[in-house]
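Asker: Structure provided below as structure tokens; questions to follow.
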Amino acid sequence: MPLTAEQISSTVQASINKLIAKPGALLPILHDIQEVLGYIPPEAVPQIASALNQSSAEIHGVITFYHQFRTHPVGKHNVEICRAEACQAMGSRHLEAHAKSSLGVDYHQTTSDGAIFLEPVYCLGNCACSPSVRIGDRVHARVTPERFDALIDELRTDKLEVLNG
Amino acid sequence: MVKVYVPQDSTAKALGADAVAAAIQIFAATKGVELELVRNGSRGIFWLEPLVEVETADGRVAYGPVMDDQIDSLLNAGLLDATTDSPLYLGLTEEIPYLARQQRFTFARAGIADPVCLDNYKAQGGYEGLTKALAMNGQAIVDEVKTSGLRGRGGAAFPTGIKWQTVHDAQPTDGETKYIVCNADEGDSGTFADRLAMEADPYQLIEGMTIAGLAVGAEQGYIYLRSEYPDAHRILNEAISRAEAAGYLGENICGSGSKFNLEVRLGAKAYICGEETSLLESLEGKRGMVRAKPPLPAIVGLFGQPTIVNNVLTLAAVPFILAQGAQAYADVGFGRSRGTLAFQLAGNIKRGGLVEVAFGLSLQELLEDFGGGTYTGRRMRAVQVGGPLGAYLPESQWDTPLDYESFAAQQAVLGHGGVVVFDDSVDMSEQARFSMEFCVAESCGKCTPCRIGSTRGVEVIDKIRANQNRDANMELLEDLCETMVDGSLCAMGGMTPFPVMSAVRHFGEDFHRTTADQNEEVSA
Ligand SMILES: Cc1cc2nc3c(=O)[nH]c(=O)nc-3n(C[C@H](O)[C@H](O)[C@H](O)COP(=O)(O)O)c2cc1C
Ligand code: SF4
Ligand code: FES
């Protein structure tokens, strides 16, 4: 169920209250909100702005500068494919083409069943055993298209269990 | 009682180390074997991960790579009795040639123990450097770092002692403090040495930052860590809280009356935030726009105060220098490149991993003796050294000695030590296009040559690849690169032309003769 405006606002306020005492608190606050809600809701922007004594435009400018922050809800599982050179040398271009066509999405899009949000990433520090894919907080090494499909299947099965359970 | 080690490093886990660890535990439980399972860091021999070790009377013996579909048969063959009768048996870990041939200063402790165990850290010489530093004044510490010849490991190779001197001599505003900022953004593709140092030996970095704080009189430190490293994040936070509890961080370090606090801050997926001034903006909660220099961050840095910004490996080298003496560090190396450099063998390489050696080895030796050729077994064709802004080197340049000056003479950079290997299936015009595309995606947008030039660069390379006005477009590409080099504020725009032009210069055939246009010529 989507959260009500009130729930969103109190979640955002909780992040602000927890972190505002830190010097340079904005990034920690944004990370915290995205961690809890999965994205930074547009209505959070004026709320953060007034707490930090900044303009909404400034907050918005920061959110859009960083690739990590998103302003709308996305799929349940974050799947990031490394696009950088060490992975290219081991076939990541082929892997990313496979991922996009098998999932039926481009980067920054969510699959129609809402399960997978596909994102590019530039290096995961796993470059000795590439190509690399990150799912949630876990990195996977030497990912072939077949391995990719198996990983996605696992995610989708998990999702069913959650729905049934 | 059997003591077994299975790394918790993120590459080891990416290759299945958790499943291997679980299988070992289940096996021991069913057989009634008393087991002590240590989740150590990695030694950085990634081509042998998951590397499982068993303690014996003669030392630790290793098995690898132990994939999860092999662990059961290895266990049945007698892993817990340290069997020598397995194709995965590697002998004593310390004698694995890949490791034995290295000169490990910064990575001496990597992979030996549970990374957050403070007692282990101290048992292996940890905090000896801090103990010495606490008995010295700030200037004496700075002098020691100067004498070591240590240069920044983040890419620019600036002498660390000189940077520290500037911060030492600068005064913060009344009531404010100076800062120590660790650049743990490690954005360069093909690099993982910072990650390994943080995951396998976090206290070494914490100790190095504490010593830096004592040296220049800074009371607050930040580790700016890229969000792509969740394991390092968890390990650093755990180590920091244990160091605080043991009095190695906080208001009164080891009872000396000196204060130093440390906090990890996460980046948010922006390559440019590895550039030090952009990083500082980001830490202040702003967009990561690059600042013009001067003023130097050493004088006007974080929140306007004097600030040391150093790479993870720079700061991690400091405890060794203090503990063993600057001369021990300066004694190895080549020319003006002193000490060791952590090379990272990556991409299409048979034996990828971390190779810490003294400067001066040739690239060829690194690729062959350590790397063992390509992973695919095809011919090695191009090697990109120094991250996404580093040049692609053709075979004719692989005899270049690995030191800062020799590389500069080839219009190449060592940077952070990343070495990415490509086999002969690579299309270098596609690589050149990617360099420009990466600059489009990651430019902070402040300078036109970087922001617009890279967009134009992608278009021009696309035209060249499609054989539209090829000669004119090749010229245009050269001009564009020159404009970017001359008109960019930082190395993002200023060095993107390095990989691009090296591809053009050394692999020109990929820009000229494709099968498609040969066919065209034949039919014309
Ligand atoms: C585009 C760009 C990206 C950079 N990325 C990093 C990085 O990820 N890590 C790093 O330590 N230095 C990086 N640097 C270099 C830093 O600006 C700076 O030189 C370094 O942090 C200084 O520390 P050192 O003297 O210990 O090397 C980057 C520079 C540029 C221009
Ligand atoms: S060169 Fe590019 S990244 Fe660097 S300051 Fe200019 S626009 Fe920003
Ligand atoms: S380049 Fe893909 S993990 Fe480093």
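The values are calculated or read from the model by the stated rules, or taken from the named source; none is laboratory data. All values derive from a computational prediction rather than experimental measurement. No Cβ is skipped: glycine too gets one built from the backbone with ideal geometry, and neighbour counts run over all protein chains shown. Accessible surface is based on the protein model in full, side chains and every heavy atom, while ligands, DNA and RNA are left aside. Shrake-Rupley method; radii C 1.70, N 1.55, O 1.52, S 1.80 Å.
Asker: Which one is farthest from the other protein chains (Cβ to nearest Cβ), of the residues in region B:345-363 that are under 15 Å from the mean Cα position of the chain (by Cα) and under 18 Å from B:Phe107 (Cβ atoms)?
Answerer: B:Val357
Asker: In region B:153-170, which residues are assigned to a helix (DSSP H, G or I) and under 20 Å from B:Gly386 (Cβ atoms)?
Answerer: The one that is assigned to a helix (DSSP H, G or I) and under 20 Å from B:Gly386 (Cβ atoms): B:Thr160.
Asker: Every residue in region B:255-311 that is touching a Lys or Arg at 6+ places or on another chain (Cβ under 7 Å) and of a type in the set (Val, Ile, Thr), please.
Answerer: Once the filter is applied, which keeps residues that are touching a Lys or Arg at 6+ places or on another chain (Cβ under 7 Å) and of a type in the set (Val, Ile, Thr), region B:255-311 yields B:Thr277, B:Val290, B:Thr307, B:Ile308.
Asker: Name the residues in region B:233-245 that are open to solvent by 10 Å² or more (accessible area, probe 1.4 Å) and either out of contact with any strand residue (DSSP E or B) (no Cβ under 8 Å at 6 or more places or on another chain) or within 16 Å of ligand 3 (Cβ to nearest atom) (or both), would you?
Answerer: Selection gives B:Arg234, B:Glu238, B:Ser241, B:Arg242, B:Ala245.
Asker: Can you tell which of B:Gly32, B:Gly41, B:Gly59 is more than 25 Å from B:Tyr121 (Cβ to Cβ), of a type in the set (Gly, Ala, Ser) and at pLDDT 95 or above?
Answerer: B:Gly32
Asker: So which residues in region B:171-191 are touching a Cys at 6+ places or on another chain (Cβ under 6 Å) and within 8 Å of another protein chain (Cβ to nearest Cβ)?
Answerer: If the condition is that a residue be touching a Cys at 6+ places or on another chain (Cβ under 6 Å) and within 8 Å of another protein chain (Cβ to nearest Cβ), then B:Ser189, B:Gly190 are the ones that fit.
Asker: Considering B:Gly285, B:Gly339, B:Gly304, which residue is away from chain A (no Cβ under 14 Å) and within 26 Å of B:Phe260 (Cβ to Cβ)?
Answerer: None of the others qualify; the one that does is B:Gly339.
Asker: Then there is this: Out of all the residues in region A:68-80, which are in contact with a strand residue (DSSP E or B) (Cβ under 8 Å, 6 or more places away or on another chain) and open to solvent by 60 Å² or more (accessible area, probe 1.4 Å)?
Answerer: The one that is in contact with a strand residue (DSSP E or B) (Cβ under 8 Å, 6 or more places away or on another chain) and open to solvent by 60 Å² or more (accessible area, probe 1.4 Å): A:Lys76.
Asker: While we're here: Having 1 or more residues that are under 26 Å from B:Tyr127 (Cα atoms) is the bar; report the helices (runs of 4 or more DSSP H) wholly within region B:201-300 that clear it.
Answerer: B:202-216, B:230-245
Asker: In region A:103-116, what residues are open to solvent by less than 40 Å² (accessible area, probe 1.4 Å) and within 14 Å of chain B (Cβ to nearest Cβ)?
Answerer: Matches in region A:103-116: A:Tyr107 only.
Asker: Where in region B:1-103 are there helices (runs of 4 or more DSSP H), lying wholly inside it, with at least 3 residues that are under 25 Å from the mean Cα position of the chain (by Cα)?
Answerer: Those helices (runs of 4 or more DSSP H) span B:10-14, B:97-100.
Asker: Out of region B:80-133, which residues are outside the structural domain of B:Ile24 (by TED's automatic domain parsing) and on the phi > 0 side of the Ramachandran plot?
Answerer: Matches in region B:80-133: B:Gly111, B:Gly125, B:Tyr127.
Asker: Suppose we filter region B:373-386 for residues that are open to solvent by less than 70 Å² (accessible area, probe 1.4 Å) and more than 18 Å from B:Gly418 (Cβ to Cβ); how many remain?
Answerer: Total satisfying the criteria: 2.
Asker: Go through region B:166-200 residue by residue and tally those that are open to solvent by 10 Å² or more (accessible area, probe 1.4 Å), touching a Pro at 6+ places or on another chain (Cβ under 9 Å) and either within 21 Å of B:Gly267 (Cα to Cα) or not assigned by TED's automatic domain parsing to the domain that holds B:Ser241 (or both).
Answerer: Residues flagged as open to solvent by 10 Å² or more (accessible area, probe 1.4 Å), touching a Pro at 6+ places or on another chain (Cβ under 9 Å) and either within 21 Å of B:Gly267 (Cα to Cα) or not assigned by TED's automatic domain parsing to the domain that holds B:Ser241 (or both) within region B:166-200 amount to 3.
Asker: Hey, another quick one. Could you list all residues from region B:245-267 that are within 26 Å of the chain's Cα centre (by Cα) and more than 16 Å from ligand 2 (Cβ to nearest atom)?
Answerer: Selection gives B:Tyr248, B:Leu249, B:Phe260, B:Asn261, B:Leu262, B:Glu263, B:Val264, B:Arg265, B:Leu266.
Asker: May I ask you to list the residues in region A:129-148 that are closer than 24 Å to A:Ser112 by Cβ, part of a helix (DSSP H, G or I) and either open to solvent by less than 60 Å² (accessible area, probe 1.4 Å) or within 13 Å of another protein chain (Cβ to nearest Cβ) (or both)?
Answerer: Within region A:129-148, A:Pro145, A:Arg147, A:Phe148 qualify.
Asker: Still on this structure: Please go through region B:480-505 and pick out each residue that is under 17 Å from B:Ser429 (Cα atoms) and among the charged types (D, E, K, R).
Answerer: B:Arg505
Asker: Name every residue in region B:122-137 that is part of a loop (DSSP other than H, G, I, E, B) and either open to solvent by 50 Å² or more (accessible area, probe 1.4 Å) or of a type in the set (A, V, I, L, M) (or both), in order of residue number.
Answerer: If the condition is that a residue be part of a loop (DSSP other than H, G, I, E, B) and either open to solvent by 50 Å² or more (accessible area, probe 1.4 Å) or of a type in the set (A, V, I, L, M) (or both), then B:Gln124, B:Ala135, B:Met136, B:Asn137 are the ones that fit.
Asker: Can I ask one more? Return the residue satisfying two criteria in turn: it lies in region B:485-495 and is more than 8 Å from ligand 2 (Cβ to nearest atom) and in contact with a helix residue (DSSP H, G or I) (Cβ under 6 Å, 6 or more places away or on another chain), and of such residues it is most open to solvent (accessible area, probe 1.4 Å).
Answerer: Out of the qualifying residues, it is B:Val485.
Asker: Return a yes/no flag: does region A:81-102 have any residue that is surrounded by 18 or more Cβ atoms within 10 Å (Cβ to Cβ), in a loop (DSSP other than H, G, I, E, B) and within 16 Å of ligand 1 (Cβ to nearest atom).
Answerer: Scanning region A:81-102 turns up at least one residue that is surrounded by 18 or more Cβ atoms within 10 Å (Cβ to Cβ), in a loop (DSSP other than H, G, I, E, B) and within 16 Å of ligand 1 (Cβ to nearest atom).
Asker: For residues that are buried (at least 24 other Cβ atoms within 10 Å of the Cβ) and in contact (Cβ under 8 Å) with a residue 40 or more places away in the chain, scanning just region B:6-19, find the one that is farthest from the other protein chains (Cβ to nearest Cβ).
Answerer: Among those that are buried (at least 24 other Cβ atoms within 10 Å of the Cβ) and in contact (Cβ under 8 Å) with a residue 40 or more places away in the chain, it is B:Val6.
Asker: Would you tally the residues in region B:97-114 being open to solvent by less than 10 Å² (accessible area, probe 1.4 Å) and either in contact with an Asp or Glu (Cβ under 6 Å, 6 or more places away or on another chain) or over 20 Å from B:Leu341 (Cα atoms) (or both)?
Answerer: Residues in region B:97-114 being open to solvent by less than 10 Å² (accessible area, probe 1.4 Å) and either in contact with an Asp or Glu (Cβ under 6 Å, 6 or more places away or on another chain) or over 20 Å from B:Leu341 (Cα atoms) (or both): 2 in total.
Asker: Give region B:425-467 a look and list any residue that's within 16 Å of ligand 2 (Cβ to nearest atom) and among the small types (Gly, Ala, Ser), or say none.
Answerer: Matches in region B:425-467: B:Ser435, B:Ala441, B:Ser443, B:Gly445, B:Gly453, B:Ser454, B:Gly457.
Asker: When the residues of region A:103-127 are narrowed to those that are assigned to a loop (DSSP other than H, G, I, E, B) and among the β-branched types (Val, Ile, Thr), which ends up farthest from ligand 1 (Cβ to nearest atom)?
Answerer: So the residue we want is A:Thr111.
Asker: So B:Tyr248 passes all but one of these: (1) under 18 Å from B:Gly213 (Cα atoms); (2) open to solvent by 40 Å² or more (accessible area, probe 1.4 Å). Which condition number does it fail?
Answerer: Single failed check for B:Tyr248: (2).
Asker: Give B:Asp119, B:Asp114 a once-over and let me know the one that is of a type in the set (Asp, Glu), part of a helix (DSSP H, G or I) and at pLDDT 95 or above.
Answerer: When all the criteria are applied, what remains is B:Asp119.
Asker: Quick one: is B:Arg470 surrounded by 20 or more Cβ atoms within 10 Å (Cβ to Cβ) and either under 23 Å from the mean Cα position of the chain (by Cα) or more than 16 Å from ligand 2 (Cβ to nearest atom) (or both)?
Answerer: No: the conditions fail for B:Arg470.
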